[in-house]
Amino acid sequence: MNRIFFRFFVLVMLSITVATFVIYFAMSRLFGDPLDDIARRQAAAQIFLIEQYVDRAPTDEWLVRLNKVREVSDINIDLIPLAQARKALHPQLHEALERGDVVLDVARKAFYRRVDLYGNHYVGSADDVIWAQDLPIDIGLALKMEAVRYVIVALALLIPIALWSRTHWTGLQQLSRVADEVGAGQLSARAHMPPSASIYPLAERINHMAGRIESLLGAQRNLIHSVSHELRTPIARLEFALELLRSASDDPALEQRIAAMEGDVAELNGLVNELLNMIKLDSGTALQLSTVPLRALLQGCVDALPPSACALQVDLQAADATVQADPRLLARAIGNLLRNAQKYCEGQIGLSARAGSTVQIMVDDNGPGIPADQHARVFEPFYRLDRSRDRATGGFGLGLSIAHKAVALHGGTIRIEASPLGGARFVISLPARADRPAS
Ligand SMILES: Nc1ncnc2c1ncn2[C@@H]1O[C@H](COP(=O)(O)OP(=O)(O)OP(=O)(O)O)[C@@H](O)[C@H]1O
Ligand SMILES: [Mg+2]
């Protein structure tokens, strides 16, 4: 709020400042310097005295009157040669001086005026100039008044700008919250604001977009859910029929065939189960949170691993933390990464953890690794890197997608790095709980 408000306020004040200067220069050019005008008004008494009292004196009395003025006046009045006056004044003012006008020098609080144009008052008076100094000119006061005016305008503008920014800011904050929530998978999030709000049309569009995304994803989820459910019955029937066939057959060749078919049916069953699991994670209702000691959780994952030719290095020394998690779901995600490591390793895999401001769980292997441009894609359902290699290793390409969703439901992330063992490293980051168990 502060940023948007101050930016706008500074912009408005800058515009007003620029406008003030433009107005000043335009006025000076068109109608003369306004400061000159103020100074002339402030020195009006002294100018009046010279013009009305000294100038109107008969020729022989002119100098007497000038001296009288010098005696009674607070200001210094001198007669100087025209050349000296010209030197002291800006060239732009020379013409006015020559003409016999009163020429003000605001900065030095002085004015200059030729005694006369034809040497009427005394011999050579046409070449002399009356120079009055220490005039009661105070431009500072005028500038102070301008500054006060400027500050009052600024303060008066502050209020509507603050009100304007506040309404916009709260609206924008609401929209950004909705965008965050929809992005995080909470598709029912909507912005609520009155139709009179200035960003109401934008909020309406975002709500409409969120609604469309929700209904599209809902329809897709329902479709996968229904298909998977529908497949369960024929699969069960097939399993039963194969069982019957096996018991009725005494032909070893046929039995071998039946065993292969049972394997296929089991794989199909596994796929349907994985799909249903994924749908459950998508709906976000699968989480049963509790406080879980990290080390015990990871040890459980290691114990549940199937036997493998790869040597497993476990380093849980720094795993001294608890996490707020659904232990079954998190163990599944970690188990998936470990089984992948077993599948793709070339003799060595590793599991380690680090607890700090976040909890990091690292699964390493010394297999072929995953190219950087595929890091995001391997988390997509059914995506597999190398189809020929992956066919040999089995699996559906759903494991990482399920692990990713499970970790995201815990407020965490999974990223892929190059492993110090030479293959891929999967790093799960989870928010740590503040309290730690005594070790
Ligand atoms: N540790 C790894 N090293 C190299 N490639 C990997 C590794 N882990 C995953 N992959 C690649 O990512 C793809 C997706 O992995 P994912 O776990 O989703 O599927 P899967 O293991 O093939 O099958 P599933 O887990 O469903 O049984 C894999 O097919 C494989 O190509
Ligand atoms: Mg897998």
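The values are calculated or read from the model by the stated rules, or taken from the named source; none is laboratory data. These numbers were taken from a predicted model, which means no experiment stands behind them. Positions of Cβ are generated from backbone atoms using ideal geometry, with glycine treated the same way; all protein chains shown enter the neighbour counts.
For region 266-298, filtering for residues that are in a helix (DSSP H, G or I) and under 24 Å from residue 398 (Cα atoms) leaves 20.
Whether any residue in region 311-322 is touching a Gly at 6+ places or on another chain (Cβ under 6 Å) and in the same structural domain as residue 381 (by TED's automatic domain parsing) is what I want to check. Within region 311-322, one or more residues are touching a Gly at 6+ places or on another chain (Cβ under 6 Å) and in the same structural domain as residue 381 (by TED's automatic domain parsing). Does residue 361 count as more than 13 Å from ligand 2 (Cβ to nearest atom), modelled with pLDDT of 95 or more and surrounded by fewer than 20 Cβ atoms within 10 Å (Cβ to Cβ)? Judged against the criteria, residue 361 is not a match. Has region 136-158 got at least one residue that is touching a Phe, Trp or Tyr at 6+ places or on another chain (Cβ under 7 Å), within 24 Å of residue 76 (Cα to Cα) and assigned by TED's automatic domain parsing to the domain that holds residue 63? No, the conditions are met nowhere in region 136-158. Pull up region 300-321, narrow it to residues that are surrounded by 13 or more Cβ atoms within 10 Å (Cβ to Cβ) and among the small types (Gly, Ala, Ser), then point me to the one that is nearest to the chain's Cα centre (by Cα). Out of the qualifying residues, it is 321. Please state which of the following conditions residue 149 fails to meet, knowing it meets all the rest: (1) buried (at least 16 other Cβ atoms within 10 Å of the Cβ); (2) free of Cβ contacts under 8 Å to residues at least 24 places away in the same chain; (3) closer than 30 Å to residue 16 by Cα. Among (1) buried (at least 16 other Cβ atoms within 10 Å of the Cβ); (2) free of Cβ contacts under 8 Å to residues at least 24 places away in the same chain; (3) closer than 30 Å to residue 16 by Cα, residue 149 violates only (1).
What's the total number of residues in region 54-101 that are within 22 Å of residue 118 (Cβ to Cβ) and hydroxyl-bearing (Ser, Thr, Tyr)? Of the residues in that region, 1 qualify.
Here is a yes/no grid of residues against (1) charged (D, E, K, R); (2) surrounded by 13 or more Cβ atoms within 10 Å (Cβ to Cβ); (3) closer than 17 Å to residue 12 by Cα:
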{"site": "153", "(1), (2), (3)": "no, yes, yes"}
{"site": "160", "(1), (2), (3)": "no, no, yes"}
{"site": "176", "(1), (2), (3)": "no, no, no"}
{"site": "196", "(1), (2), (3)": "no, no, no"}
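No other residue among 412, 397, 356, 347 is among the small types (Gly, Ala, Ser) and within 13 Å of ligand 2 (Cβ to nearest atom) apart from 397.
When the test is whether a residue is modelled with pLDDT under 90 and assigned by TED's automatic domain parsing to the domain that holds residue 314, residue 415 does not pass it. None of 439, 429, 388 is more than 13 Å from ligand 2 (Cβ to nearest atom) and at pLDDT 90 or above except 429. Apart from one condition, residue 12 fits all of (1) at pLDDT below 90; (2) on the phi < 0 side of the Ramachandran plot; (3) surrounded by fewer than 13 Cβ atoms within 10 Å (Cβ to Cβ); the exception is (3).
If you go through region 183-198 and pick out every residue that is in a helix (DSSP H, G or I) and modelled with pLDDT of 90 or more, you end up with 0. In this structure, does residue 138 turn out to be at pLDDT 85 or above, loosely packed, with under 14 Cβ neighbours inside 10 Å and of a type outside the set (A, V, I, L, M, F, W, C)? For residue 138, the condition - at pLDDT 85 or above, loosely packed, with under 14 Cβ neighbours inside 10 Å and of a type outside the set (A, V, I, L, M, F, W, C) - is met.
Within region 178-194, track down each residue that is surrounded by 13 or more Cβ atoms within 10 Å (Cβ to Cβ), of a type in the set (Gly, Ala, Ser) and in contact with an Asp or Glu (Cβ under 9 Å, 6 or more places away or on another chain). Within region 178-194, 185, 189, 191 meet the criteria. Among the conditions (1) surrounded by 14 or more Cβ atoms within 10 Å (Cβ to Cβ); (2) more than 60 Å from the chain's Cα centre (by Cα), the only one that residue 42 does not satisfy is (2).
In the condition set (1) more than 16 Å from residue 139 (Cβ to Cβ); (2) assigned to a helix (DSSP H, G or I); (3) of a type outside the set (Lys, Arg), residue 39 is compliant with all but (1).
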